1. Please determine whether any residue of region 238-248 is within 16 Å of the chain's Cα centre (by Cα) and in contact (Cβ under 8 Å) with a residue 24 or more places away in the chain.
2. Filtering region 160-177 down to residues that are more than 21 Å from residue 286 (Cβ to Cβ) and under 20 Å from the mean Cα position of the chain (by Cα), which residue is surrounded by the fewest Cβ atoms within 10 Å (Cβ to Cβ)?
3. All but one of (1) in a helix (DSSP H, G or I); (2) within 16 Å of the ligand (Cβ to nearest atom); (3) buried (at least 17 other Cβ atoms within 10 Å of the Cβ) hold for residue 68, so report the exception by its number.
4. With the condition kept exactly as written, say whether any residue in region 199-207 is within 16 Å of the ligand (Cβ to nearest atom), in the same structural domain as residue 347 (by TED's automatic domain parsing) and touching a helix residue (DSSP H, G or I) at 6+ places or on another chain (Cβ under 6 Å).
5. Can you go through 289, 273 and tell me which one is in the same structural domain as residue 237 (by TED's automatic domain parsing) and touching a strand residue (DSSP E or B) at 6+ places or on another chain (Cβ under 8 Å)?
6. State all residues of region 256-273 that are near the ligand (Cβ under 9 Å from one of its atoms), touching a helix residue (DSSP H, G or I) at 6+ places or on another chain (Cβ under 8 Å) and farther than 14 Å from residue 322 by Cα; if no residue qualifies, say none.
7. Against the definition (in contact with a helix residue (DSSP H, G or I) (Cβ under 6 Å, 6 or more places away or on another chain) and assigned to a helix (DSSP H, G or I)), how does residue 123 come out, yes or no?
8. Given 336, 294, 362, 282, which one is farther than 25 Å from residue 135 by Cα and in a helix (DSSP H, G or I)?
Ligand code: ACO
């Protein structure tokens with residue numbers, strides 16, 4: 001064993017600087033480019049937040065109109081993407097389909113392998129906008145295919161959030177429900193050096209291309225300790241069933257040393273800064289749907305778990321049931337996170353490229369001592 005200090009899980013390690021977002025666990029605050037996330041969620045479209053993350057400033061009215069027009073024009077899927085999705089098993093995990101489709105989009109980009117084409121900020125901004133516009137069309141098509149339905153083409157007259165729901169369900173929910181969806185996307189957009197963003201930065205640090213970095217990030221997000229938790233929260237609600245069953249279920253789960261999904265965070269130890277905003281948004285859907293059973297299950301599990309462990313909900317706890325009430329399949333929740341977080345990932349990929357240093361930590365060897373290969377002299 002080595003006596004080098006090992007920062008398991010890189011906990012507490014400051015790996016680099018970033019100007020994209022600031023997480024402050026002491027004040028429970030989260031800033032995107034200096035703006036409090038709850039104020040962005042209250043006032044800005046998701047398109048404006050994406051622009052802010054990439055360019056550092058909110059768009060002016062004319063920049064906003066130009067970007068919205070670009071985004072709307074980039075939404076339709078290439079026939080080859082629809083064909084690719086059709087080759088994959090209907091019951092494969094949607095995260096695997098989305099990851100594969102994004103990988104294919106990289107092969108369509110003729111600028112990628114020209115000299116200087118890989119890590120060129122202007123081209124990367126175009127690529128980020130392309131992935132941003134394509135992901136809702138891909139995710140909606142994947143959701144519909146799971147239900148045996150044909151894809152619905154995008155509508156240029158709708159904003160990002162409304163169009164996403166339109167392409168998924170073929171109808172629009174109430175304005176309040178569309179707004180809940182928009183709020184969830186804003187809250188999911190960015191969160192400093194989380195595992196998937198760090199994965200994207202590691203890949204970008206080798207001067208690999210933006211698509212490869214996003215594909216890697218999708219793989220990292222899939223895990224239930226990270227983005228996969230929003231799905232896992234819904235599975236827990238299904239398993240517990242009713243508020244009356246919370247206490248016996250929880251006692252058993254804690255005896256079995258199970259992790260309760262949707263609670264805990266590597267950085268926040270006194271509550272996740274995004275939860276109050278998302279909880280208020282969830283309440284809108286709970287009231288609209290009259291689902292008092294789900295509301296009481298949600299509140300009871302939170303109260304009982306916090307009382308026993310002092311560990312607070314993270315963003316996945318309110319967003320899981322919110323996506324359920326919007327009508328998405330549970331397996332689609334993490335792909336929704338992908339569609340939102342691609343904004344933060346691509347902002348970080350460009351930031352990494354702009355001041356790059358290869359990310360390559362050391363390891364402490366704890367295997368067998370040097371020995372001779374049998375037969376070697
Ligand atoms: N349920 C039960 N116990 C928990 C939970 C939980 N959700 N979270 C932390 N703990 C306990 C651990 O068992 C551990 O206890 P111990 O010291 O007695 O062994 C202690 O709290 C510390 O937990 P770690 O997992 O070591 O802390 P870490 O900082 O690595 O964990 C993590 C952060 C991975 C998010 C963890 O809280 C977890 O697994 N939560 C559930 C998954 C989840 O909700 N992930 C979403 C993250 S946020 C996001 O992606 C939007």
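1. Scanning region 238-248 turns up no residue that is within 16 Å of the chain's Cα centre (by Cα) and in contact (Cβ under 8 Å) with a residue 24 or more places away in the chain.
2. Ranking the qualifying residues of region 160-177, first place goes to 162.
3. Here residue 68 meets the rest and fails (2).
4. Looking for residues that are within 16 Å of the ligand (Cβ to nearest atom), in the same structural domain as residue 347 (by TED's automatic domain parsing) and touching a helix residue (DSSP H, G or I) at 6+ places or on another chain (Cβ under 6 Å), one finds at least one in region 199-207, hence yes.
5. 273
6. Selection gives 260, 261, 263, 266.
7. In short, no.
8. 294
The values are calculated or read from the model by the stated rules, or taken from the named source; none is laboratory data. All values derive from a computational prediction rather than experimental measurement. Here the Cβ is made from the backbone with ideal geometry for all residues, glycine too, and neighbour counts use every protein chain on show.
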